[in-house]
Amino acid sequence: MSVYTRIVRPLAFRLEPEAAHRLAMRACASAGRIPVARSVAASLFGTAADSRLRTSVGGIALPNPVGLGAGYDKNAEGTDLLARLGFGFLEIGSVSKWPSTGNAVRPRAYRLPADEALIVNYGVPNDGAAVVAARLAGASRAVPIGVNVVETNGRPADAALDTIDEVASAVAELAPVADFLAISAECANAPGIHPLARLDNLRRLLDAIAAPALPPVLIKIRVPVDEIDGVVRVTDAYPFVRGFRVNTIAPRPYAGLATPRAQWEAMAGSLSSPQHGLPLMLRAAEDWYRRCDPAKYALIASGGIRTGSDAYAAIRRGATCVQVVTALVYRGPALARQINRELAALLAADGFANVRDAVGIDAGRSG
Ligand SMILES: Cc1cc2nc3c(=O)[nH]c(=O)nc-3n(C[C@H](O)[C@H](O)[C@H](O)COP(=O)(O)O)c2cc1C
């Protein structure tokens, strides 16, 4: 057992989840400003450089394929420290054009410790594109930093822009400070059907954001498997679209949780659980990998990843790289290094000189 699971986690778990997370972010922000704290974090938790793990997404070089997923550092407050925790990249956000306090209900995050799972219902609270862009402009780049962009939840009543113009405007503000952009064409926690999931709207959005200096764009979109081809036909016309964020949401009611049903039934929100997330994500990674050109599109997969063998399975099913959020809460700051160590050993054992060679090996893609 690590110091994190023996000492830090029990203390943090005495706090309400959202309060604990705020505290963790404050600690990251403060420590990230102190050079010696950054160096200590890097030596305690950093991933050693390893040519086997080096990869790239949309032409951006990554030291390793294990990223921090969206939702942990929503406002780019902790990047200077988080970048030292062994991740190959960070995705901050989701960030919207206007600041939002998110969903009004409280609580809006729950722990299910018996399942190493979370249920969240935040509704994308964030400081808004202008504030986050200014913060990111001053952030160091120990690893690439992507920004997840989403439409504003609870848009100001006087906002004249429609959803597409609004997201395009946020993209324009954030593009200069982002190494890549992940645009959410779905959101688990904002009420209503996502307008960008419709192909005509997706096309309008891509037309609206097209600009010469755009960083690589990934689309976070959740569609039934028979609609993937349609999405790819749309994005094929836009060279700046370089990949997809592959994740899935487990539908209620949840089968097989160790947490009693009476407890999770009372928790509004969407579930992030390894037991549910991992198999759904593996299937989604394979579905997407089989339907899009790996030479053009990278796949970033998230959902239930806790170990190197989870990450390796995702990569073998088609993921270019992976992200973690929930496991960081349960397993602590050494998580990325641990996953990377295990992943490197698994790649070596199977004779892969580089992680890219293992991508999609189990996806059964023909030609
Ligand atoms: C507390 C929390 C907040 C999240 N917030 C966001 C978000 O703002 N935007 C987003 O695209 N995904 C968000 N997600 C989804 C994660 O990025 C990820 O796709 C999902 O949790 C599955 O990965 P995991 O099992 O490693 O947590 C959030 C997840 C959690 C647990």
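General remarks:
- Flag if Q323 is of a type outside the set (G, A, S), open to solvent by 10 Å² or more (accessible area, probe 1.4 Å), under 19 Å from V143 (Cβ atoms) and within 15 Å of the ligand (Cβ to nearest atom): no
- Condition check for L205: more than 16 Å from the chain's Cα centre (by Cα), farther than 30 Å from A345 by Cβ and in a loop (DSSP other than H, G, I, E, B): no
- Criterion (under 28 Å from S270 (Cβ atoms), crowded, with 22+ Cβ neighbours inside 10 Å and of a type in the set (D, E, K, R)) met by exactly one of D127, D80, D73: D73
- Condition met for A313 (of a type in the set (A, V, I, L, M), surrounded by 20 or more Cβ atoms within 10 Å (Cβ to Cβ) and within 10 Å of the ligand (Cβ to nearest atom)): no
- Filter pass, A20 being of a type outside the set (S, T, Y), at pLDDT 95 or above and over 21 Å from the mean Cα position of the chain (by Cα): no
- Entirely in the range 260-356, the helices (runs of 4 or more DSSP H) that have 2 or more residues that are modelled with pLDDT of 95 or more, charged (D, E, K, R) and closer than 24 Å to R222 by Cβ: 274-291, 308-316
- Long-range neighbours under 8 Å by Cβ, at least six apart or interchain, first residue open to solvent by less than 40 Å² (accessible area, probe 1.4 Å) within the range 133-146, second at pLDDT below 95: I145/A139
- Residue within the range 228-247 that is surrounded by 17 or more Cβ atoms within 10 Å (Cβ to Cβ), in contact with a Leu (Cβ under 6 Å, 6 or more places away or on another chain) and at pLDDT below 90 present: yes
- Scan of the range 173-202 for residues that are part of a helix (DSSP H, G or I), open to solvent by 30 Å² or more (accessible area, probe 1.4 Å) and at pLDDT 95 or above, ordered by number: E173, P176
- The residues listed here are Y289, Y254; of these, the one that is more than 10 Å from the ligand (Cβ to nearest atom), hydroxyl-bearing (S, T, Y) and surrounded by 23 or more Cβ atoms within 10 Å (Cβ to Cβ) is Y289.
The values are calculated or read from the model by the stated rules, or taken from the named source; none is laboratory data. The model shown is predicted, which means the values in this text are computed figures rather than measured ones. Here Cβ is always computed from backbone atoms with ideal geometry, including for glycine, and neighbour counts include all displayed protein chains. Heads up: the accessible areas ignore ligands, DNA and RNA and are worked out on the full protein's heavy atoms, side chains in. Shrake-Rupley method; radii C 1.70, N 1.55, O 1.52, S 1.80 Å.
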